[in-house]
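For reference, the structure is listed below as structure tokens.
The values are calculated or read from the model by the stated rules, or taken from the named source; none is laboratory data. Computed from a predicted structure; not experimentally measured. All Cβ positions, even for glycine, are placed from backbone atoms using ideal geometry, and neighbour counts span all protein chains on display.
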Amino acid sequence: MQTEKARCIAPTGAKRTRFREEPAYEEGLWDLGNGLYAWMVPNGSWGESNAGLVTGDGASLLIDTLWDLRYTQAMLDAMAPIFRDAPLTALVNTHADGDHFWGNQLVDSHVESVTSAAARAEMDLHKPASMLAFGRLGNALKNIPFKQISSVGHWFSAMCLPYAFDEVIHTPATETFSGSEWREVGNRRVQLIEVGPAHTTGDLLVFVPDAKTLFAGDILFIGSTPVMWAGPVENWLKALDLILELDVELIVPGHGPITDKSGVRTVKAYWEYTSGAARDYYDKGVPGLEAAHRIVESKDFKKHAFATWDSPERMMTNVHLLYRHHQGHTGHLSTLAKVNLMRKQALLAQRLPDSKPTMMRREDASL
Ligand SMILES: [Zn+2]
């Protein structure tokens, strides 16, 4: 299998993940062969996002930056020896979530930066101030002596703890495209394929046909529960089918370990199961919040491999979005609606004490 060829050539040496879990694979720069690299961040939880690098003759293209400057700088430093022969000439952001573009300010402004037009528009809705406020809200709620409130505060604050958002300057990509676009990286061609709205409004894939490799962004979460902020789920499933039809052997997901088409099938199984279960509850008139609880706490859900994935509480947001589409609502969730969904996720997380990351759901786990 192609995935066996990939190896970590510049490990960060981190003994624990950002959420103090045992790392399932090494953090750092991985050589994928064929002039391709990935920056891998175990275990793929909140902000533990992967990035990619495609090199050609005298040029290279970076796929995504990270959630804050410290982590992005560590990645760029590890890539510096590669940039000596193949200077960075382009940056692609796979979508508008901060953990895929908030490090953009560290990339030289002469480097062309590109994303889909839909992602570019959404980037303006995701500014660092919102995560700073989210973390501060968490710190305030954490100290309120009511269990339900303090545990939500704990979950919010633990999510932000590994990151320094205060140094981030909003630096969205400057060039856009819609549909699909080929780009030259030195002597090779890379295809950008817009597949959103799915995870977010403007998701895109980066396909390197000569190496049968795909950088999937957050269309793929491996070993970590996917979260749908935009949808509809049909688009997400269509994107997964498109990947299955491509001539690819090695896939770098937005979160989680390097995979192949078998990983795509696991994510497809999650969405088929989740959308089917949510549809049944919707048709029976069960409110979304209750449906999400019932699904993840059911014996049937627990029979599936995806029940052991990181952050199963994301089911709350997923069911909410599925219900929203059944009701005919589309368009962006407001910031307030998102925070409310995060609050409900935090409450569901408390009911799943054996899930990961432990640090976010256990107040006795020291911060
Ligand atoms: Zn992400």
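Data overview
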{"read-out": "Residue ID - surrounded by the fewest Cβ atoms within 10 Å (Cβ to Cβ), chosen from residues in segment 118-175 that are touching a Cys at 6+ places or on another chain (Cβ under 9 Å) and under 18 Å from W229 (Cβ atoms)", "value": "F134"}
{"read-out": "Breaking point among (1) assigned to a loop (DSSP other than H, G, I, E, B); (2) farther than 30 Å from A6 by Cβ, for A277", "value": "(1)"}
{"read-out": "Residue among P312, P257 that alone is within 17 Å of the chain's Cα centre (by Cα) and either more than 26 Å from L204 (Cβ to Cβ) or among the aromatic types (F, W, Y) (or both)", "value": "P312"}
{"read-out": "Test for T72: is it within 16 Å of the ligand (Cβ to nearest atom), part of a helix (DSSP H, G or I), at pLDDT 95 or above and within 21 Å of E175 (Cβ to Cβ)", "value": "yes"}
{"read-out": "Tally, over segment 240-253, of residues that are within 15 Å of the ligand (Cβ to nearest atom) and either closer than 15 Å to E194 by Cβ or part of a loop (DSSP other than H, G, I, E, B) (or both)", "value": "0"}
{"read-out": "Tally, over segment 53-67, of residues that are under 12 Å from H100 (Cβ atoms) and away from the ligand (no atom under 13 Å from the Cβ)", "value": "1"}
{"read-out": "Restricting segment 192-205 to residues that are farther than 23 Å from L348 by Cα and out of contact with any Lys or Arg (no Cβ under 9 Å at 6 or more places or on another chain), the residue that is nearest to the ligand (Cβ to nearest atom)", "value": "D203"}
{"read-out": "Flag if D310 is acidic (D, E) and farther than 27 Å from R20 by Cα", "value": "no"}
{"read-out": "Search result, residues across segment 86-145 that are within 16 Å of the ligand (Cβ to nearest atom), assigned to a helix (DSSP H, G or I) and among the polar types (S, T, N, Q)", "value": "N104, S130"}
{"read-out": "G186 within 15 Å of the ligand (Cβ to nearest atom) and at positive phi", "value": "no"}
{"read-out": "Members of segment 321-367 that are small (G, A, S), under 16 Å from F156 (Cα atoms), surrounded by fewer than 16 Cβ atoms within 10 Å (Cβ to Cβ) and at pLDDT 90 or above", "value": "A337"}
{"read-out": "Selection from segment 11-34 of residues that are within 16 Å of A80 (Cβ to Cβ) and either without any contact (Cβ under 8 Å) to a residue 40 or more places away in the chain or part of a loop (DSSP other than H, G, I, E, B) (or both)", "value": "P11, T12, D31"}
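To keep it simple, each residue is scored yes or no on (1) within 25 Å of S311 (Cα to Cα); (2) in contact with a His (Cβ under 7 Å, 6 or more places away or on another chain).
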position	(1), (2)
T17	yes, no
P23	yes, no
A38	yes, no
G44	yes, yes
E48	yes, yes
T72	yes, no
F83	no, no
A90	no, no
